[in-house]
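Colleague: Before I ask anything, here is the structure I am working with.
The values are calculated or read from the model by the stated rules, or taken from the named source; none is laboratory data. It should be emphasised that the depicted structure is a prediction, and the values quoted were computed from it without experimental measurement. Every residue, glycine among them, receives a Cβ derived from its backbone with ideal geometry; neighbour counts consider all protein chains shown. Side chains are part of the model used for accessible areas, which takes the heavy atoms of the whole protein and leaves out ligands, DNA and RNA. Shrake-Rupley method; radii C 1.70, N 1.55, O 1.52, S 1.80 Å.
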Amino acid sequence: MTAAWLLGSLMPAALIAPAPAQESEPQVRVELRVMAATPGRVIVDRGIADGLKIGDRVQFRPRKGAPLDGVIAEVRERVATAELDDRSAVIELGTRGDAQLPASRLPKPPPMPPPATPREVEPPVPPSARTAPKSGPKTAPAADAKESAKPAWSNRDEGFDATQPLLSRVPPTRPEQREPRWSTRMWSSSELARSSDGGWSDTVARAGVDTRAENLFGDGGTLRADLEFNYKTELDDGHSLDLLPRRLSYANGGTRFEPQRFEFGRFLQHAVPEFGFLDGVEWGTRTADGDRFSASLGFMPQLDDDFRSFHDVQAAAAWEWIADESERLTATVALQQTWHDGELDRRLALTRMRWVPSSGWDAHVATWVDFYDGHDDVKQQNVELTQAIAALGRRFDDGGDLFLSFQHVAFPELQRDGEFLPLNAATLDRAHLDRLTLRGRTDPDAAFAVHGELAGFHDQDGSGGSAEAGFDVPLPVFDDARLDVTSFASTGTFTRVSGFRVGAMGSTLDQRWDCMYELADHRQEGFSSRLDDIVQHRFFASQSFFTSGGLRIAARLELKVWDDEYAWSGGLSLERSF
Amino acid sequence: MGSTTLRRRWRAGLFAATAVTIAACVGADPRAGARHRWWTGLGPVLPHESFPADCGICHEGSGWNTMRADFDFDHAKETGVALEGAHAQAQCLRCHNDRGPVDVFAAKGCGGCHEDVHGGDLGSDCARCHQPDTWQPSGQLEAHARSRFPLSGAHSRVACHQCHPGAFVGNFVPNDPSCVTCHRADLARANNPPHLALGFVDRCDRCHLPTDWRLAESK
């Protein structure tokens, strides 16, 4: 009885009592717009800066149909996520809506600037000022007086000035806010080669697909699969048909929004591709300075046509130093340790530097240093520079360029199969190659363009080099076509070559054609009989078509004639990206 | 491998090639021919700060996420950067995406966007072998003519993977030019005369020419 009386007394009191002060506060309407949408959820272009909080009610007004209500579920500085009451509803992007917010949440409008001269920039327009109704709350006179005593407003919000057309930046959507998206490249190709030499033949046929699915699981990640069937003639005249799974991996992060990145599955290592493919996991992170750290662990597939895995384990770590946010100067130090069938195999240190100043220069240096610990049969030294590449280039505004490069190759002693062809011990110990190359060309679209290359090499058996020079001019009969004439000479390990080639090439938006004739004398070193000279003719023609739907069809034909022999090869390839 | 197994695998490969070919030719393309079309859901990834004030230049009036049917963005004219070859067909998002400002990546050349499947072995000058039209390489014989191992006679006709077994996975690390590097199996079965027994294990060029392995001449 007492409880019932108490309840009966309080209910009318509750109904007639004044609302809490918060509820009676003047409300302002903040307009917003849908940036991204999935069933039942939308991303809007207003956030904390505009006064939104979790739990705020919002209403959207689609062009067609009744208004839809929702509630703010997540909020960031300039964007927010709203859940619709109707969880199955899908709202068109760009749909307008609004939220009724307490006026106190909005920042106070800035004081009026002093009278502007015509050349001065316009004052900033905060979002709240753009969205507040004319009947919105006014600042108290006392507060106005206090504000006016402050220095004049000088901050240019978001860098906006009168010369810029849009009122605000558009916050980009995050990968996880977009609809799932597929992109695919499919290809098939076949190439046949036949020779008069004892009926020798070579056949290669390939068919594959490389596909990526973005945001398939709603977390912004990318699933990638790259598979290829190939059928080919082996060196022993046998044949093989293989399924080559080059990729099957899932990656996430590493964007401007997410400094952490991980990838697992079969993939080419992202931070240090020099370390090769991996069946495992790679993790990386970017610091506030832009530097990147990464580590990877897993099995290494053999880098040959079998691509077999699970014999070699590797662990690697890398640090990439970034000079500034333009990333025009970077340097990388990376370490890799591998085990072959459970035994220590390769200990590799890799350094890499890249400098690409805006003036057209391009400098690139990379070194591979192998450390041997005494368990190796041939390599006695503790440290060996097994590979080095250095290049300095300059690209000119007219399209011409000039490059100087150096390459050093030695062969590391590895238990791992596939990366290098096996060498006998004596060759492995001595074999190396040092090569210096200078090449350049003038504006390739000029009425008369020249190109050339000069190179020299030194290896364990001697030295040699090559020289090449040529010019190309527009073909008068065809549009967008050029004629190229090049002469060349080289001294190799076994062969001296000299000759020339004449080629023509034309291309438009939807096709490209090439044809070429080459005549060269291949003189075998040390032979004095009729067999020492091979005069070799080579004819080549190809035609490619491209469609706007991403389809590319190409055909090529090549004929080589030397002494009493000849060989021809033909190929057809088809590729489509969508 | 038995001939039956090989035939079965060959049929499987032929079937795969045919399926890929048909799918590539007639498969539905959700964005057929409209390389600059904007999908619902992509959202405003491209920065618009410097765009002209008239949205109607690019967008349909009924929705900002739909590009005009006659919209054709002249990348060279508008940005000063020409899109060569296959890049002219690429979707905007292939370059303008979540990695960051595109000029950071463009400054690095091909490697700014395309991963190096050669593992750094071939340097950073991709244009030595690749054209912007397609990733299929060209000019390998010309490149070999500049190397210490020009491809003469019989060597000029063989497929790349015969000497570079990692060709299908991008492994073109240089080989030592010694004959046995590739012809180890030929050496092992050379019985007339018995090469291994006689110690003929290197410097094959003392007798053999690259025109035909069977020809030999004593010097």
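Colleague: Of all residues in the stretch A:363-399 being in a loop (DSSP other than H, G, I, E, B) and within 30 Å of A:Gly440 (Cα to Cα), which is modelled with the highest pLDDT? If you could, list the steps in order and put the result at the bottom.
Modeller: In the first step, residues of the stretch A:363-399 are kept if they are in a loop (DSSP other than H, G, I, E, B); the result is A:372-382, A:396-399.
Imposing the further condition that a residue be within 30 Å of A:Gly440 (Cα to Cα) reduces the set to A:396-399.
Values: A:Phe396: 90, A:Asp397: 85, A:Asp398: 86, A:Gly399: 85.
Per the stated criteria, the residue is A:Phe396.
Colleague: Show the residue pairs meeting these rules: Cβ distance below 6 Å; 6+ apart or different chains; first residue within the stretch A:87-98 and within 14 Å of another protein chain (Cβ to nearest Cβ); second residue in a strand (DSSP E or B) and of a type in the set (S, T, N, Q).
Modeller: Pairs found: A:Leu93/B:Asn65.
Colleague: Further question: Identify all residues within the stretch B:151-179 that are within 7 Å of chain A (Cβ to nearest Cβ) and more than 22 Å from the chain's Cα centre (by Cα); write none if there are none. Quick ask: steps written out before the conclusion?
Modeller: Here is the first cut: in the stretch B:151-179, the ones within 7 Å of chain A (Cβ to nearest Cβ) are B:152-154, B:156-159, B:161-162, B:165-166, B:168-169, B:171, B:173-178.
The answer is B:Ser152, B:Gly153, B:Ala154, B:Asp176, B:Pro177, B:Ser178.
Colleague: On to the next question. Report yes if some residue within the stretch A:331-338 is part of a loop (DSSP other than H, G, I, E, B) and more than 10 Å from chain B (Cβ to nearest Cβ); otherwise report no.
Modeller: If we filter the stretch A:331-338 for residues that are part of a loop (DSSP other than H, G, I, E, B), which is where we start, we get none.
Taking every residue of the stretch A:331-338 in turn, none turns out to be part of a loop (DSSP other than H, G, I, E, B) and more than 10 Å from chain B (Cβ to nearest Cβ).
Colleague: Within the stretch A:255-270, work out how many residues are closer than 10 Å to B:Glu115 by Cα and either of a type in the set (Ser, Thr, Tyr) or assigned to a loop (DSSP other than H, G, I, E, B) (or both).
Modeller: 2
Colleague: Would you call A:Tyr231 within 11 Å of chain B (Cβ to nearest Cβ) and assigned to a strand (DSSP E or B)? Please lay out each step first, then the result.
Modeller: Working: within 11 Å of chain B (Cβ to nearest Cβ): yes; assigned to a strand (DSSP E or B): yes.
The answer is yes for A:Tyr231.
Colleague: Restricting attention to the stretch B:128-138, does a residue exist that is more than 23 Å from A:Gly208 (Cα to Cα) and either more than 8 Å from chain A (Cβ to nearest Cβ) or open to solvent by less than 70 Å² (accessible area, probe 1.4 Å) (or both)?
Modeller: Pass one, the stretch B:128-138, residues more than 23 Å from A:Gly208 (Cα to Cα): B:128.
This time we only want the ones that are either more than 8 Å from chain A (Cβ to nearest Cβ) or open to solvent by less than 70 Å² (accessible area, probe 1.4 Å) (or both), so: B:128.
Scanning the stretch B:128-138, I find at least one residue that is more than 23 Å from A:Gly208 (Cα to Cα) and either more than 8 Å from chain A (Cβ to nearest Cβ) or open to solvent by less than 70 Å² (accessible area, probe 1.4 Å) (or both), so the answer is yes.
Colleague: Among what's in the stretch A:31-86 and is closer than 15 Å to A:Arg105 by Cα, open to solvent by 70 Å² or more (accessible area, probe 1.4 Å) and out of contact with any helix residue (DSSP H, G or I) (no Cβ under 8 Å at 6 or more places or on another chain), pick the residue that is farthest from the other protein chains (Cβ to nearest Cβ).
Modeller: The residue in question is A:Arg57.
Colleague: Tally the residues that are surrounded by 17 or more Cβ atoms within 10 Å (Cβ to Cβ), within 11 Å of another protein chain (Cβ to nearest Cβ) and without any contact (Cβ under 8 Å) to a residue 24 or more places away in the chain, restricting the search to the stretch A:254-268.
Modeller: Of the residues in that region, 1 qualify.
Colleague: Which residues, counting only those in the stretch A:461-483, are out of contact with any helix residue (DSSP H, G or I) (no Cβ under 9 Å at 6 or more places or on another chain), crowded, with 17+ Cβ neighbours inside 10 Å and of a type in the set (D, E, K, R)?
Modeller: A:Asp472, A:Arg482
Colleague: Quick one: in the stretch B:89-117, of everything that is without any contact (Cβ under 8 Å) to a residue 40 or more places away in the chain and out of contact with any helix residue (DSSP H, G or I) (no Cβ under 8 Å at 6 or more places or on another chain), which residue is least open to solvent (accessible area, probe 1.4 Å)?
Modeller: Within the stretch B:89-117, the match that is least open to solvent (accessible area, probe 1.4 Å) is B:Gly100.
Colleague: Next question, about the same structure. From the list A:Ala162, A:Ala149, which one is loosely packed, with under 15 Cβ neighbours inside 10 Å and at pLDDT below 50? So that I can check it myself, show each step before the final result.
Modeller: Values: A:Ala149 fails: at pLDDT below 50.
Testing whether each residue is loosely packed, with under 15 Cβ neighbours inside 10 Å and at pLDDT below 50 leaves just A:Ala162.
Colleague: Which count do you get for residues in the stretch A:340-362 that are at pLDDT 95 or above and of a type outside the set (D, E, K, R)?
Modeller: 5
Colleague: Output the number of the condition that A:Pro273 fails; it satisfies all remaining conditions of (1) free of Cβ contacts under 8 Å to residues at least 60 places away in the same chain; (2) of a type outside the set (D, E, K, R); (3) in contact with a strand residue (DSSP E or B) (Cβ under 8 Å, 6 or more places away or on another chain).
Modeller: (3)
Colleague: Okay, next question. Mind checking whether some residue in the stretch A:457-470 is over 26 Å from A:Gln524 (Cβ atoms) and modelled with pLDDT under 95?
Modeller: So in the stretch A:457-470, the residues over 26 Å from A:Gln524 (Cβ atoms) come out as none.
No, the stretch A:457-470 has no match at all.
Colleague: Does the stretch A:363-371 contain any residue that is open to solvent by 50 Å² or more (accessible area, probe 1.4 Å), within 14 Å of chain B (Cβ to nearest Cβ) and of a type outside the set (Ser, Thr, Tyr)? Reasoning before the result, please.
Modeller: As a first pass, look at the stretch A:363-371 and keep what is open to solvent by 50 Å² or more (accessible area, probe 1.4 Å): A:365, A:371.
Pick out the ones that are also within 14 Å of chain B (Cβ to nearest Cβ) and you get A:365.
Next, only the ones that are of a type outside the set (Ser, Thr, Tyr) stay: A:365.
There is at least one residue in the stretch A:363-371 that is open to solvent by 50 Å² or more (accessible area, probe 1.4 Å), within 14 Å of chain B (Cβ to nearest Cβ) and of a type outside the set (Ser, Thr, Tyr).
Colleague: Within the stretch A:444-460, which residues are open to solvent by 40 Å² or more (accessible area, probe 1.4 Å) and away from chain B (no Cβ under 14 Å)?
Modeller: Hits for the stretch A:444-460 are A:Ala447, A:Phe448, A:Val450.
Colleague: Which residue pairs have Cβ atoms closer than 7 Å, lie 6 or more positions apart in sequence or on different chains, and pair a first residue in the stretch A:462-477 that is free of Cβ contacts under 8 Å to residues at least 60 places away in the same chain and of a type in the set (Val, Ile, Thr) with a second residue that is in a strand (DSSP E or B) and surrounded by 13 or more Cβ atoms within 10 Å (Cβ to Cβ)?
Modeller: Short answer, once both residue conditions are applied: A:Val473/A:Arg482; A:Val473/A:Leu483.
Colleague: Follow-up question, since we're still on this one. Scan A:Leu428, A:Leu421, A:Leu402, A:Leu433 and give me the residue that is more than 25 Å from the chain's Cα centre (by Cα) and either open to solvent by 40 Å² or more (accessible area, probe 1.4 Å) or among the basic types (Lys, Arg) (or both). Let's see the steps before the verdict.
Modeller: Details: A:Leu428 fails: either open to solvent by 40 Å² or more (accessible area, probe 1.4 Å) or among the basic types (Lys, Arg) (or both); A:Leu421 fails: either open to solvent by 40 Å² or more (accessible area, probe 1.4 Å) or among the basic types (Lys, Arg) (or both); A:Leu433 fails: either open to solvent by 40 Å² or more (accessible area, probe 1.4 Å) or among the basic types (Lys, Arg) (or both).
Result: A:Leu402 is the single residue among A:Leu428, A:Leu421, A:Leu402, A:Leu433 that is more than 25 Å from the chain's Cα centre (by Cα) and either open to solvent by 40 Å² or more (accessible area, probe 1.4 Å) or among the basic types (Lys, Arg) (or both).
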